[in-house]
Amino acid sequence: MKAVTVTGSGGPEVLRVTEVPDPEPGPGEVRVRVYAAGVQPVDLAIREGFRPPGLTVEPPFVLGNEFAGVVDRLGPDSGDWKVGDEVIGFRLLDSHAELVTTDAAQLVAKPAGMPWEQAGSLSASGQTAHTALDLLGVGPGDTVLVHGASGGVGTVAVQLARALGATVVGTASERNHAYLRELGAVPVAYGEGLAERVRAAAPQGVTAAFDAAGRGALEASVELVADRERIATVVDFEGAARLGVRAVRTLRTAARLTELVRLWEAGGLRLEIAEALPLERAAEAHRLVGTGHVRGKVVLTM
Ligand SMILES: NC(=O)c1ccc[n+]([C@@H]2O[C@H](COP(=O)([O-])OP(=O)(O)OC[C@H]3O[C@@H](n4cnc5c(N)ncnc54)[C@H](OP(=O)(O)O)[C@@H]3O)[C@@H](O)[C@H]2O)c1
């Protein structure tokens with residue numbers, strides 16, 4: 001099969017689309033023919049040499065931790081999945097390829113009407129947003145500030161917070177303000193003077209903040225939110241330790257992914273695809289994500 005292989009630590013130029021052996025599903029695993037797989041900032045960080053906790057891999061290896069596709073082969077004891085089932089799934093690496101194997105418990109059924117590009121880029125950013133809002137205990141009566149509201153994580157966070165009954169203020173550049181309004185957030189520009197602009201946009205006060213942007217978002221958040229237990233970042237772990245707010249790593253489960261799929265089915269979750277590129281253009285996909293200004297997601301298609 002073809003796969004996007006990281007040949008060394010460095011920029012997008014270390015990526016090569018190569019022929020590698022087809023993976024075989026082991027006990028409890030399912031093999032999926034991948035149709036679409038999202039690219040995330042963490043893929044770029046791993047390409048450059050960063051290793052999240054629990055990952056010790058060295059080049060050459062294949063990136064990609066979310067995907068959607070069709071069940072292609074079953075390992076022993078892999079439960080009720082059938083060859084031909086359309087699924088959405090996640091794992092730590094290996095999904096930027098034509099075939100991926102995964103634990104059968106890390107798959108959920110893809111709704112028939114969900115476009116492949118959206119399905120393939122839901123399970124990472126979506127579950128990150130879900131994890132953070134869960135830990136923050138967001139609910140009716142809250143006014144939530146979402147930093148980086150137009151990105152892959154922020155797009156889902158805004159809509160989840162709205163679905164949970166909260167009012168949402170979201171930060172993005174002017175270019176994305178109409179988009180944020182469509183998602184249900186009051187848009188505010190980031191940068192110098194942010195706290196003042198948020199106060200003007202939410203005179204009732206902000207009760208929780210979710211940082212999916214870094215770059216000073218936590219400093220503004222502690223000015224605005226009284227309870228530091230109700231401030232979370234998935235980006236700025238150093239700032240979280242310094243300011244005594246929550247540092248959140250995504251906790252991905254099939255149950256969490258199912259909730260996101262249900263929200264999509266109910267019409268409450270718009271998944272924005274900035275660009276869908278064929279596997280062969282993975283380096284270009286990495287360069288786009290690397291700009292830090294993608295609206296929604298960049299996704300590879302196979
Ligand atoms: N801890 C975890 O488990 C975990 C899991 C997943 C993701 N993450 C992290 O979460 C962050 C968000 O990821 P993402 O996939 O949504 O992509 P991203 O590339 O970080 O976000 C892109 C968005 O950020 C906005 N943006 C850029 N600079 C900003 C600023 N100073 N303030 C507010 N918004 C700004 C951009 O809007 P404009 O174009 O309008 O500027 C763009 O829409 C990344 O840092 C990622 O590494 C962490």
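Is it the case that the stretch 87-103 has a residue that's surrounded by 22 or more Cβ atoms within 10 Å (Cβ to Cβ), of a type in the set (D, E, K, R) and not in a loop (DSSP other than H, G, I, E, B)? Scanning the stretch 87-103 turns up no residue that is surrounded by 22 or more Cβ atoms within 10 Å (Cβ to Cβ), of a type in the set (D, E, K, R) and not in a loop (DSSP other than H, G, I, E, B). Within the option set LEU92, LEU99, being assigned by TED's automatic domain parsing to the domain that holds ALA37 and at pLDDT below 95 holds for one residue only, LEU92.
Residue-wise test of (1) under 20 Å from ALA124 (Cβ atoms); (2) surrounded by 24 or more Cβ atoms within 10 Å (Cβ to Cβ); (3) more than 16 Å from the ligand (Cβ to nearest atom).
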| position | (1), (2), (3) |
| --- | --- |
| ALA157 | yes, yes, no |
| LEU164 | no, no, yes |
| TYR179 | no, no, no |
| ALA201 | no, no, no |
| THR207 | no, no, yes |
| GLU229 | no, no, yes |
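Considering the conditions (1) in the same structural domain as ALA163 (by TED's automatic domain parsing); (2) part of a loop (DSSP other than H, G, I, E, B), ASP77 is excluded by exactly one of them, (1). GLY49 falls short on exactly one of the conditions (1) free of Cβ contacts under 8 Å to residues at least 12 places away in the same chain; (2) at positive phi, and that condition is (1). Scanning the stretch 257-302 for residues that are in a strand (DSSP E or B) and farther than 12 Å from VAL156 by Cα gives ILE273, ALA274, GLU275, ALA276, LEU277, PRO278, VAL298, VAL299, LEU300, THR301.
When you scan the stretch 159-197, how many residues do you find that are touching a helix residue (DSSP H, G or I) at 6+ places or on another chain (Cβ under 8 Å) and part of a loop (DSSP other than H, G, I, E, B)? Outline the logic, then answer.
In the first step, residues of the stretch 159-197 are kept if they are touching a helix residue (DSSP H, G or I) at 6+ places or on another chain (Cβ under 8 Å); the result is 159-164, 168-172, 180, 183-190, 194-195.
The next check asks that each one be part of a loop (DSSP other than H, G, I, E, B); those that pass are 164, 172, 184-185, 189-190.
Result for the stretch 159-197: 6.
Screening GLY239 against (1) outside any helix (DSSP H, G or I); (2) crowded, with 16+ Cβ neighbours inside 10 Å; (3) without any contact (Cβ under 8 Å) to a residue 60 or more places away in the chain leaves a single unmet condition, (1).
Being touching a Lys or Arg at 6+ places or on another chain (Cβ under 8 Å) and within 14 Å of the ligand (Cβ to nearest atom) holds for only one residue in VAL248, VAL222, VAL234, and it is VAL234. Within the stretch 253-288, the residues that satisfy the criterion of being touching a Lys or Arg at 6+ places or on another chain (Cβ under 9 Å) and within 12 Å of the ligand (Cβ to nearest atom) are GLU272, ALA274, HIS286. A single entry from THR101, THR7 fulfils the requirement of being more than 24 Å from LEU257 (Cβ to Cβ) and more than 16 Å from the ligand (Cβ to nearest atom): THR7.
Working only within the stretch 32-53, note down all residues that are small (Gly, Ala, Ser) and either farther than 21 Å from VAL248 by Cβ or crowded, with 18+ Cβ neighbours inside 10 Å (or both).
Pass one, the stretch 32-53, residues small (Gly, Ala, Ser): 36-38, 45, 49.
Listed by number, the residues that qualify are ALA36, ALA37, GLY38, GLY49.
Okay, residues lined up against (1) assigned by TED's automatic domain parsing to the domain that holds VAL294; (2) aliphatic (A, V, I, L, M); (3) within 21 Å of the chain's Cα centre (by Cα):
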| residue | (1), (2), (3) |
| --- | --- |
| VAL144 | no, yes, yes |
| LEU164 | no, yes, yes |
| VAL168 | no, yes, yes |
| ALA178 | no, yes, no |
| ALA195 | no, yes, no |
| ARG199 | no, no, no |
| LEU224 | no, yes, no |
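Look through LEU145, LEU122, LEU135 and report the one residue that is in contact with a Ser or Thr (Cβ under 8 Å, 6 or more places away or on another chain), within 16 Å of the ligand (Cβ to nearest atom) and hydrophobic (A, V, I, L, M, F, W, C).
Details: LEU122 fails: in contact with a Ser or Thr (Cβ under 8 Å, 6 or more places away or on another chain); LEU135 fails: in contact with a Ser or Thr (Cβ under 8 Å, 6 or more places away or on another chain).
Only one candidate qualifies: LEU145.
The values are calculated or read from the model by the stated rules, or taken from the named source; none is laboratory data. Since we're looking at a predicted model, the values are computed, not measured. Quick reminder, even Gly has a Cβ in these numbers, built from the backbone with ideal geometry, and neighbours come from all protein chains shown.
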